[in-house]
Amino acid sequence: MSGSTLGELFRVTNFGESHGPAIGCVIDGCPPGLALSEADIQAELDRRRPGTSRHVTQRNEPDAVEILSGLYEGQTTGAPICLLIRNTDQRSKDYGNLLDTFRPGHADYSYWRKYGVRDPRGGGRSSARLTAPTVAAGAVAKKWLQQKYGMRFIGWMSALGATDIPFEGFEHIPNNPFFAPNASIVAQLEEQMDQLRRDGDSIGARISVIAQGVPAGLGEPLYDRLDADIAHAMMGLNAVKGVEIGDGFASVAQRGSEHGDELTPEGFLSNHAGGVLGGVSTGQDLVVSIAIKPTSSIRTPRASIDRAGNPSTVQTFGRHDPCVGIRATPIAEALLALVVMDHVLRHRAQCGDVVLPIAPIPAAAPR
């Protein structure tokens, strides 16, 4: 199965299935000399881990990471880094009724049409379980970028279904299960999720993520544009159906006099472009939002067909997130970090000797 590798110089290859013995990734191209431990990675995995609240899947996975290669005396050597996460709480019997039929909205049908065979247990390769290795790889990129450039990656839920979540402050994000930047709305979100469980249904979400401290000059013209690679990576996340950079689709209703970010010696006056112009970073915050569809595995009976083309009814009994967006924030952060890490190394390789006569223009104030 091709299409499991992300990046050019910082390459991450993801492997495993939801109900296989283990999942993981191989990172090739990590610079040598980075102090790295399993604890550095585990902290990020714990943010994404299932079973952390009543609003997410109750699959009880510790997501304990093992570093199998690429380290010597606590430092990266430049060799490939293999990260392994063992699956310990599979319940494959929950998927016995899906052997011959397909969940509407899920990858069951499309995978079967492509490969002629599929693993129905938890979605197999199409499961969101495979985002754990992405978060693990992102933790490595985050640490290197923070040490070299002081970069920070911050994500949050900005909408749960039709409920917009007004931004109050970053300090609220780690203190609730929704990664919501607003403490006053958490009770409402919890009631919304409890009602969804009672209904046997699901809902989508909007996740926002920014990268702070990004240097100007990252990205390539045309096909390897920074924003294009960000969109490519984000669309590789399960259930994502839309990506916005900066103001995104709101740009349609803006005039050029509003959308164009004016420059002054003291800095940019706005950041409608989301930190990217012409596919290259401006030195402002990278601003990205993603739209996540409702979970396809729900208890509500849905019409489908079996492998012989006969009508069927599907009802999913496994343990699932009523809103996969609840645990998507650390994943979006990781994906953005992986893209930025790759482009930092690519920029350093080609343009590391570029020196300009003036200092970079300061970034705009946070949105």
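The values are calculated or read from the model by the stated rules, or taken from the named source; none is laboratory data. Predicted model, so just to flag it, every value in this text is computed and none were measured. Cβ atoms come from the backbone with ideal geometry, glycine included; neighbour counts cover every protein chain shown.
Here are a few things to note about the model shown:
- The criterion of at least 3 residues that are free of Cβ contacts under 8 Å to residues at least 12 places away in the same chain is met by the following helices (runs of 4 or more DSSP H) wholly inside region 182-280: 186-199.
- Identity of the residue in region 142-158, under 13 Å from V209 (Cα atoms) and small (G, A, S), that ends up surrounded by the fewest Cβ atoms within 10 Å (Cβ to Cβ): S158
- Qualifying positions in region 281-298 - buried (at least 24 other Cβ atoms within 10 Å of the Cβ), under 16 Å from the mean Cα position of the chain (by Cα) and under 30 Å from G217 (Cβ atoms): L286, V288, I290
- Matching entry among T77, T163 (being β-branched (V, I, T), more than 28 Å from L338 (Cα to Cα) and modelled with pLDDT of 95 or more): T163
- Tally of residues being surrounded by 18 or more Cβ atoms within 10 Å (Cβ to Cβ), at pLDDT 95 or above and among the polar types (S, T, N, Q) across region 12-34: 1
- Against the criterion of being of a type in the set (V, I, T) and under 22 Å from the mean Cα position of the chain (by Cα), I203 qualifies.
- Residue in region 106-120 that is in contact (Cβ under 8 Å) with a residue 60 or more places away in the chain and in contact with a Ser or Thr (Cβ under 7 Å, 6 or more places away or on another chain) present: yes
- Residue count for region 127-160 satisfying the condition of being more than 24 Å from M341 (Cα to Cα) and at pLDDT 95 or above: 3.
- Scan of region 128-181 for residues that are part of a loop (DSSP other than H, G, I, E, B), charged (D, E, K, R) and touching a residue at least 24 places away in the same chain (Cβ under 8 Å), ordered by number: none
- Subset of region 248-272 that is closer than 23 Å to P360 by Cα and touching a helix residue (DSSP H, G or I) at 6+ places or on another chain (Cβ under 7 Å) - its residue that is surrounded by the most Cβ atoms within 10 Å (Cβ to Cβ): H272
- Only listed residue being at pLDDT below 90 and more than 15 Å from the chain's Cα centre (by Cα), chosen from P357, P311: P357
- When we screen T329, T282 for residues that are over 18 Å from P215 (Cα atoms) and hydroxyl-bearing (S, T, Y), the only hit is T329.
- Options A332, A308, A303: the member that is surrounded by fewer than 24 Cβ atoms within 10 Å (Cβ to Cβ) and not in a strand (DSSP E or B): A308
- Given (1) surrounded by 20 or more Cβ atoms within 10 Å (Cβ to Cβ); (2) over 19 Å from A211 (Cα atoms), index of the condition G275 fails: (2)
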